[in-house]
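The values are calculated or read from the model by the stated rules, or taken from the named source; none is laboratory data. Since we're looking at a predicted model, the values are computed, not measured. Positions of Cβ are backbone-derived with ideal geometry, glycine not excepted, and every protein chain shown enters the neighbour counts.
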Amino acid sequence: MSNSTTTQGAASLGHSVVISPHLEFRADIEGLRALAIVLVVACHAGIPWLQGGFIGVDVFFVLSGYLISGLLIKEVNATGKINLLDFYSRRLKRLLPALLAMTIGTILLGIVILAPFEQQPQASTVRWVPYWITNFIFSFAELNYFAADAKTNLFLHTWSLAVEEQFYLIWPVLIFALYKGIKLSKKFSFERIITEYFIVIFLLFLLLCVFLSYVKPLWGFYLMPSRGWQFALGALTYVISTHGIATYSDVSRAHADVTKVYSLTSWAGLILIVSGSLFLNDRMAYPGFYALIPSFGAAFLIFSGSSLKLAVVSRILSSSPMQFIGKISYSWYLWHWPILVLGNAFYAESGFLYQLILVIISILFAVITMAFVETPLRNNQILIQRPAFTVALALVLMMGGYWIGSSWQYKSEGWANSPEQFIYGQIRRNIPVIYPMGCDSGHLNSIVRLCNFGDKGSDKTAVLFGDSVGAQWFPGLVGPLLEQNWRLVVLTKSSCPMVDEPWFYPRIGEEYTVCSDWRNTSLQVLKDLEPDIIFMGSAAEYGFTPLQWQNGTQGIIDELTESVGKIYLIPGSYRLPFDGPGCLARKEWQHPALSGLYECSTVAGSFLDESLFTALSNAANEYENVGILDLNPLICPDNQCAAKLGGKIVYRDYQHIATSFVDSISSEIIATIEDVQFNPAPISQENLLP
């Protein structure tokens, strides 16, 4: 470890913090920053065994609390004050230029690669990036970090930058106010009170975080107060590690017992971070108590690195490759996410090699940004010597960033409404009429809503029972059924699988108990209704094992089979590895040299679809009145799924079928229904539609 008193660009999330010349450079901290950014990038690039790599953000928060608190405590002890203007100018000078460079670069790439209707939500978000408030935008817009729709937002990663900047805004004021209060009282030691203060902040904000993680998960994840305990933990680590250094003389600190403590602490910290990245996942109420794992891992590693005799782990973190990655970590964090999102939007059917290429491209962007934006402006003497000018210039640049984002939003709206592009944005809203009618139960309540179509007095009743993927078949059923004097009852709830298994819903960040309550009530309603037919369908992407699909489906059938004539199980529709309308719109929008590089089609089905079909078949084979209604061959003929088929747009996103297409194949749907075979033989009953 270097003991020189050089200026260090200390990063939180790559979120770099310029340390005072009086704060010692720590190569192991630079390496810890490198470890954190590698975990984040690996997770976002889809490395399956590092699904918990998002914990790198927690490491950055602890690092930020350590570095900023150390800087402020040293300054206030040395000078009796905190120069807020100088503090904020250093933060802005270090963070804003690279952020704006990434923002403008991403906008330009987005205009070239994304279709206009895809650009609109991006432009709506980017306006707020320069003001560091996107964490509020995502929180109140209910954009869950782990949900599928969040993975297409080019600026999702800026939420953590916003959290840190909000921390930078209030932390120096709080520390200085505490210092002045203690000095005025002349009764207490600043070191003692500041330690107790950090402990109180840690405990209070941890309890708030845990509470919100279960009651208001998005607030718990995105908002700074819920993350404040991690910054306080970093601050406590600074106080404890500094106290430790003061307690032991250089000789005693080299003693074997003391060295062993530091060594064990370093290994414990590494194990906590690595195990968190391996075993934590998006199906947990995060951060909650789970975030203690990587946070204490970071604290242990920081503490162990304060020893003069570095442990093995600290020496690894201090190695040259880790120093290089740590140095570019802020720019790499800025660029990695938009490069991955845009790269996967351009070519979705990608494997490991393609993801690796995208990661390398993001590193190149980071190196360029570091060399031509970060370093020159960080060392610019005019900005260093004139903090008031730096702050004023930063405010002007922030307003300029907002104006650029607003201009992009205005332009993208015009492009999206052009005759060539309008149809692709419109198909997004091509949904069954049951939604505007209020038939589908939303995710906030368990109210069961029955929608009736046809003659309520009919002696033939069919029920459509399922989630949004099951509900998509409504247009293909309602016309033919009503023509044959059937009554059709719709009983659906989006994102609620027709499987008797608990499910963690990433969108809300908790187990979807509302779904279970709705499903149980619906089963009782169906038993009382005693329909002739039930069409039951769910999406395939719920993360259930084949055994859970089979047993959970049988749990539903067991409740219904005695009260129903026939039950048709509809497997989830095959999914595209890309957004269907988006792909078609991009081919129309992009230059032919780009759009000619890919087709909006893919091979039908996957291992997930095959295992689901087998599980449903196994479940159906246990009953005489249950059969499999596989409609996938109608949307993906010849084992090929295309965004457009026979001149018609098939998908309204990556998995839901457009209402107009379903309506166009209604006769084929009915023919498929009548061909369904039951086990051991079709029960004695007339065909569905004679």
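Taking the stated definitions as given, is residue 143 over 20 Å from residue 227 (Cα atoms) and either assigned by TED's automatic domain parsing to the domain that holds residue 412 or out of contact with any Cys (no Cβ under 6 Å at 6 or more places or on another chain) (or both)? Let's see the steps before the verdict.
Working: over 20 Å from residue 227 (Cα atoms): no; either assigned by TED's automatic domain parsing to the domain that holds residue 412 or out of contact with any Cys (no Cβ under 6 Å at 6 or more places or on another chain) (or both): yes.
The answer is no for residue 143.
Entry remark, region 254-281: residues being modelled with pLDDT of 90 or more and either in a helix (DSSP H, G or I) or among the β-branched types (Val, Ile, Thr) (or both) number 16 in total. Scanning region 335-355 for residues that are among the small types (Gly, Ala, Ser) and loosely packed, with under 15 Cβ neighbours inside 10 Å yields a single hit, 351.
One residue stands out in region 186-222 among those that are farther than 30 Å from residue 511 by Cα and of a type in the set (Lys, Arg): the one that is surrounded by the most Cβ atoms within 10 Å (Cβ to Cβ), namely 192. Is at least one residue of region 94-114 modelled with pLDDT under 95, farther than 18 Å from residue 166 by Cα and part of a helix (DSSP H, G or I)? The answer is no, given that none of the residues of region 94-114 is modelled with pLDDT under 95, farther than 18 Å from residue 166 by Cα and part of a helix (DSSP H, G or I).
Could you check, for region 101-115, whether at least one of its residues is of a type outside the set (S, T, N, Q), surrounded by fewer than 24 Cβ atoms within 10 Å (Cβ to Cβ) and in contact with a Phe, Trp or Tyr (Cβ under 7 Å, 6 or more places away or on another chain)? Break it down stepwise before answering.
Initial filter on region 101-115 (of a type outside the set (S, T, N, Q)): 101-102, 104-105, 107-115.
Filter again for surrounded by fewer than 24 Cβ atoms within 10 Å (Cβ to Cβ), leaving 101, 104-105, 107-113.
Next cut, in contact with a Phe, Trp or Tyr (Cβ under 7 Å, 6 or more places away or on another chain) only: 107, 113.
Yes, region 101-115 has at least one match.
Looking at the structure I just gave you, is residue 377 more than 25 Å from residue 164 (Cα to Cα), part of a helix (DSSP H, G or I), of a type in the set (A, V, I, L, M, F, W, C) and in contact with a Leu (Cβ under 8 Å, 6 or more places away or on another chain)?
Details: more than 25 Å from residue 164 (Cα to Cα): no; part of a helix (DSSP H, G or I): yes; of a type in the set (A, V, I, L, M, F, W, C): yes; in contact with a Leu (Cβ under 8 Å, 6 or more places away or on another chain): yes.
No, not satisfied.
Of 170, 137, all but one fail to be closer than 18 Å to residue 70 by Cβ and either modelled with pLDDT under 95 or assigned by TED's automatic domain parsing to the domain that holds residue 109 (or both); the exception is 170. Which count do you get for residues in region 457-500 that are polar (S, T, N, Q) and more than 15 Å from residue 519 (Cα to Cα)? So the answer is 5.
Assessment of region 68-82 against the conditions (touching a His at 6+ places or on another chain (Cβ under 8 Å), among the aliphatic types (A, V, I, L, M) and in contact (Cβ under 8 Å) with a residue 12 or more places away in the chain) yields at least one matching residue.
Hey, among the residues in region 304-355 that are of a type in the set (D, E, K, R) and part of a helix (DSSP H, G or I), which one's farthest from residue 576 (Cα to Cα)? Per the stated criteria, the residue is 315. May I ask you to list the residues in region 141-185 that are small (Gly, Ala, Ser) and surrounded by fewer than 22 Cβ atoms within 10 Å (Cβ to Cβ)? Scanning region 141-185 gives 141, 147, 148, 150, 177, 181, 185.
Check region 598-612 and report whether any residue there is of a type in the set (A, V, I, L, M, F, W, C), out of contact with any strand residue (DSSP E or B) (no Cβ under 6 Å at 6 or more places or on another chain) and closer than 30 Å to residue 420 by Cβ. Yes - at least one qualifying residue is present in region 598-612. Within the set 86, 58, the sole residue that is touching a Pro at 6+ places or on another chain (Cβ under 7 Å), within 24 Å of residue 276 (Cβ to Cβ) and among the acidic types (Asp, Glu) turns out to be 58. No other residue among 630, 663 is modelled with pLDDT of 95 or more, in contact with a helix residue (DSSP H, G or I) (Cβ under 8 Å, 6 or more places away or on another chain) and in a loop (DSSP other than H, G, I, E, B) apart from 630.
Could you list all residues from region 504-543 that are closer than 22 Å to residue 654 by Cα, buried (at least 20 other Cβ atoms within 10 Å of the Cβ) and touching a strand residue (DSSP E or B) at 6+ places or on another chain (Cβ under 8 Å)? Within region 504-543, 505, 536, 537, 538 qualify.
Given the residues 395, 358, 364, which is the only one that is part of a helix (DSSP H, G or I), buried (at least 16 other Cβ atoms within 10 Å of the Cβ), out of contact with any strand residue (DSSP E or B) (no Cβ under 8 Å at 6 or more places or on another chain) and among the hydrophobic types (A, V, I, L, M, F, W, C)?
358
With respect to the conditions (1) closer than 30 Å to residue 287 by Cα; (2) in contact (Cβ under 8 Å) with a residue 40 or more places away in the chain; (3) touching a helix residue (DSSP H, G or I) at 6+ places or on another chain (Cβ under 8 Å), residue 442 lacks only one, and its number is (3). Here region 414-448 is the region considered, the condition is being surrounded by fewer than 15 Cβ atoms within 10 Å (Cβ to Cβ), farther than 21 Å from residue 473 by Cα and under 28 Å from the mean Cα position of the chain (by Cα), and the residue that is modelled with the lowest pLDDT is 444.
Yes or no: residue 582 buried (at least 23 other Cβ atoms within 10 Å of the Cβ) and under 30 Å from residue 342 (Cβ atoms)?
Details: buried (at least 23 other Cβ atoms within 10 Å of the Cβ): yes; under 30 Å from residue 342 (Cβ atoms): yes.
Spelling it out, residue 582 is indeed buried (at least 23 other Cβ atoms within 10 Å of the Cβ) and under 30 Å from residue 342 (Cβ atoms).
The one condition from (1) under 18 Å from residue 339 (Cα atoms); (2) of a type outside the set (A, V, I, L, M); (3) buried (at least 17 other Cβ atoms within 10 Å of the Cβ) that residue 138 does not meet is (1).
A quick yes/no check of all residues on (1) within 27 Å of residue 229 (Cα to Cα); (2) in contact with a Phe, Trp or Tyr (Cβ under 8 Å, 6 or more places away or on another chain); (3) not assigned by TED's automatic domain parsing to the domain that holds residue 48:
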| position | (1), (2), (3) |
| --- | --- |
| 309 | no, yes, no |
| 315 | no, no, no |
| 327 | yes, no, no |
| 353 | no, no, no |
| 357 | no, no, no |
| 365 | no, yes, no |
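Here is a check on your reading of the model: is residue 177 in the same structural domain as residue 397 (by TED's automatic domain parsing), part of a helix (DSSP H, G or I) and at pLDDT below 95? It is true that residue 177 is in the same structural domain as residue 397 (by TED's automatic domain parsing), part of a helix (DSSP H, G or I) and at pLDDT below 95.
When restricted to residues that are in contact with a Gly (Cβ under 8 Å, 6 or more places away or on another chain), in a loop (DSSP other than H, G, I, E, B) and surrounded by fewer than 17 Cβ atoms within 10 Å (Cβ to Cβ), region 472-500 contains 1.
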